[in-house]
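In what follows, a single structure is set out as structure tokens and then discussed.
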Amino acid sequence: MSITACKEAIPSVTFNEKDVAHLEQDAIDKKVDSVLNLMTLEEKIGQMNQYNGFMDFTGPVPKTEDTKRKFEHIKMGYVGAMLNVRGVKEVRAVQKIAVEQSRLGIPLIFGYDVIHGYETMSPIPLAEAASWDLKAIQESARLAAKEASAAGINWTFAPMVDVSRDPRWGRVMEGAGEDPFLSSEIAVARIQGFQGKDLTSQESIMACAKHFAAYGFPEAGREYNNADIGTSTLYNIVLPPFKASNDAGVRTFMNSFNQLNGIPATANKFLLRDILKEKWNFNGFVVSDWGSVAELIPHGFAPNGKMAAKLAVKAGTDMDMESYLYVNELASLVKEGLVNSATIDDAARRILKVKFELGLFDNPYKYCDLEREKKVIGSKEIIDGALDMALKSIVLLKNENQLLPLDKRGQKVVLIGALASEKNSPLGNWRAAAKENTGVSVLEGMQQYDEHIVYSKGPEVIIGKAEFTKEIRINNTDITGMSEAVKAAKEADVVVMVLGEHGLQSGEGRSRTQLGLPGLQQELLEEVYKVNKNVVLVLNNGRPLALPWAKEHIPAIVEAWQLGSQSGNAIAQVLYGDYNPSGKLPMSFPRNVGQVPIYYNSKSTGRPSLPSPDFVFWSHYQDVSNDALWVFGHGLSYTTFEYTDLRVTDNFSSNDTIDITVNLRNSGKLKGKEIVQLYIRDKFSSIARPVKELKGFKLVELEPDSSTPISFVLDKSHLGFYDNEGNWFIENGSFDIWVGGSSDAGLKTNFELNGVE
């Protein structure tokens, strides 16, 4: 029976993602069951198989055995989803094979890593998180979905919602930082942006919450390493962004590569079935990460591929990405009675369900509009959105003597640094379909203000070509350009230095043991500073860096991350004052790598402070202070803000809320935005709580010398926590409250919670 026959057998119904949980669930389930009843065991297993794109589908039939097999499997209905097939012509060609040549004509899902844009790059996710602007982040995801969907894509492997406290781990660039509350809010915003209000919309794509779970806690910060964390950390730090993702209606989850409690996540029944599918009632499907089912073997958890497939599917992994084990092994496992057929039915049902939700059964070619592809990709709307997001992602770390903003007239500015002229690095890692060297460089951006600006490159940062799959080679010896840069700096009123990491130096597989400026950049910075103290340091990086010398000596420092296609334009607008920066750090910056992992929401030790001068026996380092170089939530503006009149109203006994108000005043001379942050501490509890926890934030814009009251409401969801069995509860007790512009600044008060029954 073809897809046409299937459609005739099942009345069409319009699906709205917003109403998935209650309005049309039954209708979709009936559709799914009708298709499932037509399928053979092998066809059901086929839905659980995802292949990587392997050929030009518009070209000749493949000749290698592997590609021939994949080609035949699509025709046989043994493939449920494809990866890395993009562009309308290619997507239509492979979808046509599935729909018109397979027995049932079940459409394919097309997945792609749309992490921070498709062809037009927005800032890397960590940079977007620095905006703390949920509306902007949602809009950024919406535009990415719009562009990707125009190219035939209907599923993105984003957002990454892994909380991470370790900047050695390269994939911190892909997440929202160290805090579970901020990460949860951003996860919801990005899911809503990708999936929209109506998943059947041509502009909506499925989101994927990844990596489930604890991937952001690799030992030693080393990629793919195991995670060894306690249950309190699991329930209170790791899982909340995933829970928020599920509550927001995310349609897919992806496994993580790590072990948790000695069991690889891909075969971890505790995570996938006990928590995700049963306790949280997740009704989408779980996809493995690339080859992670087969990786159960080197983990030492499965002796062979057959056992790996059995363990993964029984644990709750519904789709196998590119390990071939489900399609090779599951049928025989079922026939031998080693895997229950109901397990296969459940997985296939989940996958078919999201295909109906996407509207693919009604129109398998809905994402295959050539005219729309030409019109949308690289459109003004997408480019303008990338610039807006880039501007909001920039963090002003330091600005002594108001060195910034730069004077647009009469000031001789010299620009230094190999990264300043880079057009490829600003795109960052996970650059999807972006074309090489299409980012706007800092040099190009600043030339919009001063076409005669002096630029001196200095030593190269990397050697050779930067590639996604290859190690980056850092220049540690060739000082060519150093003397020329120093000479140019001598003649400048202000020196702008663009230093940091290449865009492909962070990301998957990009762990580091040192967090300073790579290569010769620190030497270059110090040599320039010797001849000119008026240095503005612009950082391009995908992770927090340890820069104690720069903080001590350099008067102005701008955290500009890797900001995507419009990077240079955004940086120039901030440097010259046409945009007042408002970003705040989503991760703590360490003083040195020896402090790592470092995070603001730590728990107190039994000896947290120095009891007397020079006393040894307290929790500290001998050679550096305990605190971060720049703390979580830190970020300055070209104006200043004052906080006054912090008040707490205890309404908990009557309506289960605590009301907090504070007055915010713009005490400077420029219009600006402030991110007002609320932190609490549960001082005494049955399980020790962090010294501070973010529980609210608001983005406020004020004119000079104006003020406004800011209010927050705390309820049970903010005041409770998870016990070591994963149960949420709340206790009476004493709470401290802080409101201010970072995690270590602001007004403080307290209240007693006595209304808990």
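Here, each number is a calculation from the coordinates, and none is a lab measurement. Worth saying up front: this structure is predicted, and the values here are computed from it rather than measured. So basically every Cβ, Gly included, is an ideal-geometry build from the backbone, and we count neighbours across all protein chains shown.
Anisotropy class assigned to the stretch 528-658 is oblate, per the alpha carbon gyration tensor with a/c at or over the 1.5 cut-off and a/b no larger than b/c. For the pair S734 and K683, the difference between a 0.36 nm per residue extended length and the Cα-Cα distance amounts to 17.8 nm. Taking a cut-off of 21 Å between Cα atoms, list the lysines near K683, but don't count ones fewer than 8 places away on the same chain. Cα-Cα hits under 21 Å: K603, K692, K695, K716, K748.
In terms of its C-alpha gyration tensor, the stretch 382-595 comes out rounded, because the ratio a/c of the largest to the smallest axis stays below 1.5. Modelled spin-label separation between D656 and E381, with each label point placed 7 Å from Cα along the Cα-to-Cβ direction: 4.0 nm. Against the main long axis of the alpha-carbon atoms of the chain, helix 65-76 sits at an angle near 60°.
With n ≥ 4 as the cut-off for DSSP H runs, can you work out [θ] at 222 nm for the chain, using -39500 (n - 2.57) per run divided by the number of residues, rounded to the nearest 500?
Working: 21 runs with 207 residues, N = 757.
Calculated at 222 nm, the ellipticity per residue is -8000 deg cm²/dmol.
If I take R0 = 45 Å and measure r between the Cβ atoms of E336 and N754 in this structure, what FRET efficiency does the formula 1/(1 + (r/R0)^6) give, to the nearest 0.05? So the FRET efficiency works out to roughly 0.15. Model label points for T708 and R69, set 7 angstrom from Cα along the Cα-to-Cβ axis, are 6.1 nm apart.
Compared with the dominant Cα axis of the chain, that is its longest principal axis, helix 380-393 is turned about 50°.
Using 1/(1 + (r/R0)^6) with R0 = 45 angstrom and r between the beta carbons of D614 and R409, what's the FRET efficiency to the nearest 0.05?
Numbers: r = 54 Å, r/R0 = 1.20.
About 0.25, to the nearest 0.05.
Shape class of the stretch 210-338 from the alpha-carbon gyration tensor: oblate, with a/c at 1.5 or above and b/c at least as large as a/b. Among all the lysines, which ones have a C-alpha under 18 Å from K30's C-alpha, if same-chain residues fewer than 8 places away are not counted? Filter leaves K7, K44, K353, K355. With each label modelled as a point 7 angstrom along the Cα→C-beta vector, the N363-I479 pair spans 6.5 nm.
Could you list the residues of the stretch 486-502 with an amide nitrogen less than 20 Å from a label point located 7 Å from the Cα of E523 in the Cα-to-C-beta direction? Once the point is set 7 Å along Cα→Cβ of E523, 486-490, 497-502 turn out to lie under 20 Å by backbone N, inside the stretch 486-502.
Restricting the count to DSSP beta bridges whose residues both fall in the stretch 137-272, what percent are antiparallel, rounded to a multiple of 5? Present the calculation step by step, with values, prior to reporting the outcome.
Details: 3 of 9 bridges.
Among the beta bridges of the stretch 137-272, antiparallel pairing accounts for roughly 35 percent.
So what's the angle, to the nearest 10 degrees on a 0 to 90 scale, between helix 325-335 and the longest Cα principal axis of the chain? That works out to roughly 40 degrees.
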